[in-house]
Amino acid sequence: MRFITWATSPWGQSVPIHIAWGLIWVAVIAGLFFMIVHSLYLIVVKPPKRFAERKVEACEGIPERVPRHSLAARLFHWIMAASMFTLLFTAFLPKVGIQFNWVLYHWLAGCVLTVSILYHVVHASFFLDFWSIWPDKTDLRDAMNRVRRFFGKEARSPSKFAKYPLENKLYHGAIMLTGLAVIVTGLFMMKRVQTGIFTRNPYLFSDMTWGLMYVLHGLAGVGLIALVMVHVYMGIRPEKLPITKSMIFGWMSRDVYLEEHDTGRWAVKAPATKAKEGYAAGDGD
Ligand code: HEM
Ligand code: HEM
């Protein structure tokens with residue numbers, strides 16, 4: 001299969017115009033393949049619980065409801081998710097035979113995504129723990145140890161997670177790169193269509209540059225199909241529901257926190273007046 005569709009410009013030059021739409025199905029199949037292999041792995045191999053030990057003394061000062069995502073962070077996530085779904089459906093439904101006037105809804109959703117991401121960058125840089133979503137040394141050491149243990153070699157057992165497991169951090173990195181690619185190219189591509197915001201100028205770039213821009217936009221776009229499919233699948237898996245609940249209500253239970261997270265790597269402090277109360281309620285722990 002050819003990955004790019006080419007055309008001949010008025011000057012006889014062969015230029016790329018967009019990706020081959022067959023890549024949509026490659027991305028859908030890749031997403032489904034991941035879900036099937038992952039589900040089978042959990043059913044057939046039945047991997048043991050990752051973290052067996054429990055730090056009893058660590059309960060002190062930890063509230064029963066551990067705050068995980070602030071209201072502002074949750075609103076951002078769901079606005080971004082809604083714009084991302086709109087972008088995916090408006091972009092790809094017409095390519096698989098469902099025709100409608102998609103361009104207007106597409107770039108409008110693109111503007112919502114752009115504004116939400118700008119907001120998120122400022123919010124995460126100045127108001128959240130910026131480094132919590134980037135892999136650190138412990139993540140890399142634990143990943144190496146997990147691989148060694150998978151191949152039956154001697155290795156230290158991995159530490160519990162910080163706020164985000166390595167997988168989430170890698171996912172965030174992939175979404176960041178593909179998201180930035182569609183946003184930067186998409187903003188330029190708005191110059192090609194009638195938006196009413198600024199004057200249309202299809203001669204801003206050469207045919208070759210426009211073509212490559214459309215190809216990059218399309219490649220990142222189909223990549224997002226697979227990324228979003230895998231992410232939603234993870235979000236609705238039964239064992240992940242406590243985390244999904246935290247993206248709706250903002251908190252996770254103390255039990256889940258203590259079972260999965262290292263209280264040193266992701267320290268949670270109870271509000272001063274609630275600390276005692278939370279500790280008392282957790283006597284059974
Ligand atoms: C999930 C994210 C996105 C996906 C999957 C996506 C996908 C696509 C696809 C497949 C096309 C058709 C390209 C072609 O005909 O070769 C397209 C066109 C376009 N997209 Fe996006 N896009 C996304 C985000 C954005 C964003 C963030 C913006 C604006 C900020 C944007 C603005 C545009 C514009 C203006 C066009 C051109 C329409 C035309 O030339 O008729 N897109 N997009
Ligand atoms: C029904 C749809 C969705 C569900 C159920 C869902 C669920 C979640 C949950 C539960 C988290 C928090 C993970 C944690 O606290 O460890 C999260 C984080 C995140 N979501 Fe979504 N999400 C959805 C749609 C989307 C979409 C469409 C995007 C954009 C492509 C997206 C991008 C992200 C990113 C970048 C993070 C932060 C990184 C991470 O924690 O993995 N989500 N999502």
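Could you tell me whether any residue of the range 120-140 is more than 10 Å from ligand 1 (Cβ to nearest atom) and farther than 29 Å from residue 262 by Cβ? Outline the logic, then answer.
Initially, the range 120-140 is screened for residues more than 10 Å from ligand 1 (Cβ to nearest atom), giving 120-140.
Then drop every residue that is not farther than 29 Å from residue 262 by Cβ, which leaves none.
No - not one qualifying residue is present in the range 120-140.
Identify, from the list 133, 62, 98, the residue that is crowded, with 17+ Cβ neighbours inside 10 Å and closer than 29 Å to residue 23 by Cβ. Break it down stepwise before answering.
Values: 62 fails: closer than 29 Å to residue 23 by Cβ; 98 fails: crowded, with 17+ Cβ neighbours inside 10 Å.
One residue alone meets the criteria, 133.
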Search the range 113-136 for residues that are at pLDDT 95 or above and among the small types (Gly, Ala, Ser) and pair each with any residue that is more than 10 Å from ligand 2 (Cβ to nearest atom) and not in a loop (DSSP other than H, G, I, E, B) when their beta-carbon atoms are under 8 Å apart and the residues are at least 6 apart or on different chains. 116/79; 124/130
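Let's see how each residue does on (1) assigned to a loop (DSSP other than H, G, I, E, B); (2) in contact with a Cys (Cβ under 8 Å, 6 or more places away or on another chain); (3) among the aliphatic types (A, V, I, L, M); (4) modelled with pLDDT of 95 or more:
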| residue | (1), (2), (3), (4) |
| --- | --- |
| 211 | no, no, no, yes |
| 229 | no, no, yes, yes |
| 243 | no, no, yes, yes |
| 258 | no, yes, yes, no |
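Just to be sure before I move on: is residue 106 closer than 17 Å to residue 164 by Cα and within 16 Å of ligand 1 (Cβ to nearest atom) in the structure I sent? Lay out the reasoning, then the answer.
Working: closer than 17 Å to residue 164 by Cα: no; within 16 Å of ligand 1 (Cβ to nearest atom): yes.
When the stated conditions are applied, residue 106 does not pass them.
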Hey, among the residues in the range 185-215 that are surrounded by 15 or more Cβ atoms within 10 Å (Cβ to Cβ) and of a type in the set (A, V, I, L, M), which one's farthest from ligand 1 (Cβ to nearest atom)? 212
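Any chance the range 162-174 includes a residue that's touching a Phe, Trp or Tyr at 6+ places or on another chain (Cβ under 7 Å), surrounded by 14 or more Cβ atoms within 10 Å (Cβ to Cβ) and of a type in the set (Ser, Thr, Tyr)?
As a first pass, look at the range 162-174 and keep what is touching a Phe, Trp or Tyr at 6+ places or on another chain (Cβ under 7 Å): 162-163, 169.
Going one step further and asking which of them are surrounded by 14 or more Cβ atoms within 10 Å (Cβ to Cβ), we end up with 162-163, 169.
If we keep only those that are of a type in the set (Ser, Thr, Tyr) too, we end up with none.
The answer is no, given that none of the residues of the range 162-174 is touching a Phe, Trp or Tyr at 6+ places or on another chain (Cβ under 7 Å), surrounded by 14 or more Cβ atoms within 10 Å (Cβ to Cβ) and of a type in the set (Ser, Thr, Tyr).
Filter the range 143-161 down to residues that are among the hydrophobic types (A, V, I, L, M, F, W, C) and over 18 Å from residue 38 (Cβ atoms) and give me whichever is surrounded by the most Cβ atoms within 10 Å (Cβ to Cβ).
Looking only at the range 143-161, we keep the residues that are among the hydrophobic types (A, V, I, L, M, F, W, C), and these are 143-144, 147, 150-151, 155, 161.
Narrowing further to those that are over 18 Å from residue 38 (Cβ atoms): 144, 151, 155, 161.
Details: 144: 13, 151: 7, 155: 16, 161: 21.
Among those residues, the one meeting the criterion is 161.
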Matching residues in the range 88-103 - criterion: being on the phi < 0 side of the Ramachandran plot, free of Cβ contacts under 8 Å to residues at least 40 places away in the same chain and more than 10 Å from ligand 1 (Cβ to nearest atom): 93, 98, 99, 100, 101
All positions within the range 180-229 that are free of Cβ contacts under 8 Å to residues at least 12 places away in the same chain, under 20 Å from residue 104 (Cβ atoms) and either within 16 Å of ligand 2 (Cβ to nearest atom) or not small (Gly, Ala, Ser) (or both): 194, 197, 198, 199, 200, 201, 202
With respect to residue 21, is the statement that it is more than 16 Å from ligand 2 (Cβ to nearest atom), at pLDDT 95 or above and part of a loop (DSSP other than H, G, I, E, B) true? yes
Search result, residues across the range 125-178 that are within 19 Å of residue 267 (Cα to Cα), within 17 Å of the chain's Cα centre (by Cα) and polar (S, T, N, Q): 132, 168
Considering every residue within the range 211-222, establish whether at least one is under 24 Å from residue 119 (Cβ atoms) and out of contact with any helix residue (DSSP H, G or I) (no Cβ under 9 Å at 6 or more places or on another chain). no
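The values are calculated or read from the model by the stated rules, or taken from the named source; none is laboratory data. Fair warning: this is a prediction, and the values are worked out from it, not measured in the lab. Neighbour counts are summed over all protein chains in view; Cβ atoms, including those assigned to glycine, are modelled from backbone coordinates with ideal geometry.
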